[in-house]
Amino acid sequence: MNSLGIAIVASLAGLLFGFDTAVISGVTHSLREVFHLSADKLGLAVSSALWGTLCGALFMGKLGDRYGTRDMLKVVGAFYLISAIGCSMAWSLPSFIGFRFIGGIAVGGSSVLAPVYISEIAPAQRRGALVGLFQFNIVLGILLAYLSNFALAVLLAGSEVWRWKLLSGAVPAAIFFGLLFAIPQSPRWLVVKGRFSEAAAALSRLRIEDAAAQILVYQRAGAATDSATLSWRAHRRPILLAICLALFNQLSGINAVLYYLNDIFRDAGYSAMTADLQSVAVGAANFIATVAALLLIDRLGRKTLLLIGAVGTALALAGVAFVMASGTGKAWLLWLLIAFITSFSFSQGAVIWVYLSEIFPSEVRSRGQGLGSATHWFANAVISRYFPVVAAASASLPFVFFSACTVLQFVVVLTLFPETKRTSLERLSETLEGASAQ
């Protein structure tokens, strides 16, 4: 199996990430009825997974540095499987929240471990596209969840359909878990641990001809020190970039929209079945825009995509806010949400996991990725927790806020973010560490 095949296997963590993110949108109405939830309690049920993602992002990076990203991805795969089965069998709101929390740990772990693993086995000239496979699989998972929700709603009847929607995630989780036994540990991580013979074997599997020379490159870059710690003094610049990128990703409102997409359509007057079908259209737009971004990310660069997408995202969100505030132009809502999803997927969606996996040095890469992911999931948890509460008071207010934050993102990216395309991880580390020391 070459680097592409290995990257595809690892990136399937993104498919489960996306599926778990979107499948909940098809069961929120049932959760309200089965567990008699208010808007506040629904926000608690949905956001419960996100506190798990925060824990996964915080702790899985450190565990990945210690035990290897490949082996920790096996733990992630097992957690996805347990969560899908448990949520489908939930007998009470606390049991549902508990199993959602386990799934959240898996999502948080995926967002840290898979991009780091892929970035470390990918050649520099193709790293953006290969790490981007993670985001590709996220949006594929989102689309599959919307399709699954729609198909099960059509094929099955009764009050228990929501359980089958949640259980469907167990199938890809089992496949992912099994495939992980066919890929090697990261050679960079093996060098950090001083396991040079295993690193040479892993490089051979990646079809690197001069494994000994490559190991020396890793050593010279400081990859052989496993005592390094992530610190503000040594890594100030990449820490700032990671926090800013992760915060703006969620301040766009993307996950709040994905989680409550069917509710947004219902609030605008659409039926449940129509809402399911329109969610599929949004998921398809998400998928197509991500494919386009992955074809261009190593040509145009990460920064350019972020700037282009911020303009489209801000305009689309402003349009949604107008429709919700005025009560007119309902026919435009689907197209505005598609424009929002397309702009986001072409920029922030495609860039975030690539960029986070590039900007930290090897010895703290998983922990740095964990910091960015934890910031992402903390913001996600807070926004998703209170979105239904704020939207119940004013349907337009959340979208006004999201649009303003996206405008601010454009300014920050334009002035502070460096370009990372087609630069080796070792060279990026030298550049950003030099900037931190100034």
inquiry  = Only four residue types carry charge here, +1 at the Cβ of Lys and Arg and -1 at the Cβ of Asp and Glu. Report the dipole size of the chain about the Cα centre in Debye, rounded to the nearest 20.
reply    = 460 debye
task = Set the Förster distance to 25 Å, then compute FRET efficiency between Val171 and Glu33 from the Cβ-Cβ distance, nearest 0.05.
result = 0.40
query = Of Asp210, Asp20, which has the most accessible area with a 1.4 Å probe, and how do the rest follow in descending order?
reply = Asp210, Asp20
inquiry  = Please compute the Kirkwood hydrodynamic radius of the chain from all pairs of different C-alpha atoms, in Å with one decimal.
reply    = 21.7 Å
inquiry  = Quick one: 3J(HN,Hα) in Hz for the range 318-333, Karplus 6.51/-1.76/1.60 with θ = phi - 60°, rounded, Gly and Pro as x.
reply    = 4, x, 4, 4, 5, 4, 5, 6, 8, x, 10, x, 4, 5, 8, 4
inquiry  = Ranking request for peptides 239-252, 168-181: highest mean number of other beta-carbon atoms within 10 Å first, then the rest in descending order.
reply    = 239-252, 168-181
ask   = Using θ = phi - 60° and the Karplus curve 6.51 cos²θ - 1.76 cosθ + 1.60, what whole-Hz ³J(HN,Hα) does each residue of the range 377-390 get, with Gly and Pro shown as x?
value = 6, 5, 4, 4, 4, 5, 5, 5, 5, 9, 4, x, 5, 5
task = Could you please tell me the mean projected area of the C-alpha convex hull for the range 80-220, averaged over all directions and given in square nanometres to one decimal?
result = 10.4 nm²
inquiry  = Using +1 at the C-beta of Lys and Arg and -1 at the C-beta of Asp and Glu, which of Ser366, Gly52, Gly18 has the Cα lying farthest in the positive direction of the dipole of the chain?
reply    = Ser366
ask   = Of the accessible area of the range 52-136, with the probe set at 1.4 angstrom, what percent is carbon plus sulfur?
value = 75 percent
inquiry  = Helix-only estimate, please: 222 nm mean residue ellipticity of the chain, summing -39500 (n - 2.57) across DSSP H runs of length 4 or more and dividing by its residues, to the nearest 500.
reply    = -26000 deg cm²/dmol
query = In terms of solvent-accessible area of protein heavy atoms at a 1.4 angstrom probe, what is the ranking of Trp91, Trp377, Trp189, highest value first?
reply = Trp91, Trp189, Trp377
note = Links exceeding 28 Å between C-alpha atoms in this model, out of Lys74/Lys165; Lys41/Lys74; Lys62/Lys421; Lys303/Lys330, come to Lys41/Lys74; Lys303/Lys330
task = Might you tell me the accessible area per residue for the chain, computed with a 1.4 Å probe and given in Å²?
result = 37 Å²
inquiry  = Please report the carbon-and-sulfur percent of the accessible area for the range 316-438; probe 1.4 Å, protein heavy atoms only, DNA, RNA and ligands left out.
reply    = 69 percent
message = I'd like the Karplus ³J(HN,Hα) series for the range 232-241: coefficients 6.51, -1.76, 1.60, θ = phi - 60°, whole numbers in Hz, and an x wherever there's a Gly or Pro.
response = 4, 5, 8, 10, 4, 5, x, 5, 4, 4
task = With the cut-off at 17 Å, report for the range 1-61 the share of all Cα pairs above it, as a whole percent.
result = 56 percent
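The values are calculated or read from the model by the stated rules, or taken from the named source; none is laboratory data. Everything quoted here is computed from the prediction, not taken from an experiment. Cβ: placed from backbone, ideal geometry, glycine included. Neighbour counts: every protein chain shown. For accessibility, only protein heavy atoms count, side chains too; no ligands or nucleic acids. Shrake-Rupley method; radii C 1.70, N 1.55, O 1.52, S 1.80 Å.
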